[in-house]
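The values are calculated or read from the model by the stated rules, or taken from the named source; none is laboratory data. Being a predicted model, the structure only gives us computed values, none of them experimental. Neighbour counts are summed over all protein chains in view; Cβ atoms, including those assigned to glycine, are modelled from backbone coordinates with ideal geometry. The protein model used for the area step is the full one, side chains on, heavy atoms only, and it has no ligands, DNA or RNA in it. Shrake-Rupley method; radii C 1.70, N 1.55, O 1.52, S 1.80 Å.
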Amino acid sequence: MASWLFGSGSAASPPTYFEIRLEHSTLRLPGADENTSYGHLNGTVVLCVDKPLYTKDIKLYLRGTHCANWKNTSTQPGRTWREVTFYSQTWNFLQASNRNTILQPDNYEFPFSISLRNTMPESVDGLDDCYIRYELTATIDAPRGAMQTSKMMKVSRTPDFLSFLEPEGIERSWPDKIVYELRIPGRAYVLGDPIQLDFQYIALRKGVYPTSIQLRLVERHTLKSTGGLGHSQHTQTRTHTRSRIRGEDTSSYEESSGTSVISEDMEEWRVSSPVLPSSQTKSCVPSCQTSIIDVEHSLDVTIMLHNPDGHFSMVSYVCCSGVLVTWSCFADCQS
């Protein structure tokens, strides 16, 4: 939104339209498998003047800032706070001159191009106490007033799609009880779709079966801060980590559900059902790994078993860890 900032005396007549336009809303940084090391994005500063406008200069500023106002955990008391500008760039659209430039009534366009190395941090937004943001600000410097308009730009890194095409899972054996497998059909999900878990097991003893499977979608944030070591020139990176449960679902299974008898003393169960609805995956902050803030996601699974003597056994695994982005969810299952 454009705003007119008044100086001393009467301000010059503001233009009727002043805006920053971007070719795309997001600047994509190339992935590790791409041949380029830069991400590019084109844009235009648009200006509509209906009366002669006296101006000293028209500039565009790009600033990358990160801010953290994070209350630490009980093991790391206190509060971590900092606000830093880590990137800046300026465009000057008028030739340098000691005299004012008169813009006659007309429509003006000032094109620009942004190039960022793939080592730049991705945008992080959606957290209430820390962020990484890129903001564009265009200014008109007039003799008796100034006008500015701003626009946020999102920066994200292109993921490696080929590494997320195959389904993944883990296999475990619980001696004298069951052999089971947890699997997700694919490692890529559109953000907002339910995440499905396939569960298959073979009972090693009669009367052993799962009563419930609980799945939690856990989001972990890691804030990195750098400080000096005494009077030396060396620095030390300190990390502060916390986690939040973004989604949770518990599925109950009866003993007769989906059972197929393999032999007299063995049973095989296979259950496939969506376990995390779309409303829960939408609440996540996109995953990223930067030199400032890391956001990671994992699927934590807890299985409750019924034993022949009536008591229950429980086992928990972090079976899937991966990334969530604004348009896809990738779950990288680890054994």
For segment 78-149, give me every one of the strands (runs of 3 or more DSSP E) that falls completely inside it and has 1 or more residues that are without any contact (Cβ under 8 Å) to a residue 24 or more places away in the chain and of a type in the set (Ser, Thr, Tyr). 79-92
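What about GLU171, is it of a type in the set (Asp, Glu) and either open to solvent by 10 Å² or more (accessible area, probe 1.4 Å) or at pLDDT below 80 (or both)?
Answer is yes for this residue.
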Is it the case, given these coordinates, that ASP193 is open to solvent by 60 Å² or more (accessible area, probe 1.4 Å), at pLDDT below 80 and touching a helix residue (DSSP H, G or I) at 6+ places or on another chain (Cβ under 7 Å)? yes
Verdict on HIS240 being open to solvent by 20 Å² or more (accessible area, probe 1.4 Å), in a strand (DSSP E or B) and either farther than 30 Å from ALA203 by Cβ or modelled with pLDDT of 80 or more (or both): yes
Among the numbered conditions (1) open to solvent by 60 Å² or more (accessible area, probe 1.4 Å); (2) among the polar types (S, T, N, Q); (3) modelled with pLDDT under 80, tell me where THR158 comes up short. (1)
For segment 299-335, which positions are modelled with pLDDT of 80 or more, of a type in the set (S, T, N, Q) and in a strand (DSSP E or B)? THR302, SER313
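In segment 93-100, is there at least one residue being at pLDDT 90 or above and in contact with a strand residue (DSSP E or B) (Cβ under 7 Å, 6 or more places away or on another chain)? So that I can check it myself, show each step before the final result.
If we filter segment 93-100 for residues that are at pLDDT 90 or above, which is where we start, we get 93.
If we keep only those that are in contact with a strand residue (DSSP E or B) (Cβ under 7 Å, 6 or more places away or on another chain) as well, we get 93.
Yes - at least one qualifying residue is present in segment 93-100.
Among residues belonging to segment 199-210 that are open to solvent by 40 Å² or more (accessible area, probe 1.4 Å) and part of a strand (DSSP E or B), point out the one that is modelled with the highest pLDDT. Give the steps one after another, and end with the answer.
Looking only at segment 199-210, we keep the residues that are open to solvent by 40 Å² or more (accessible area, probe 1.4 Å), and these are 200, 202, 204-206.
Next, only the ones that are part of a strand (DSSP E or B) stay: 200, 202.
Working: GLN200: 79, ILE202: 82.
My answer is ILE202.
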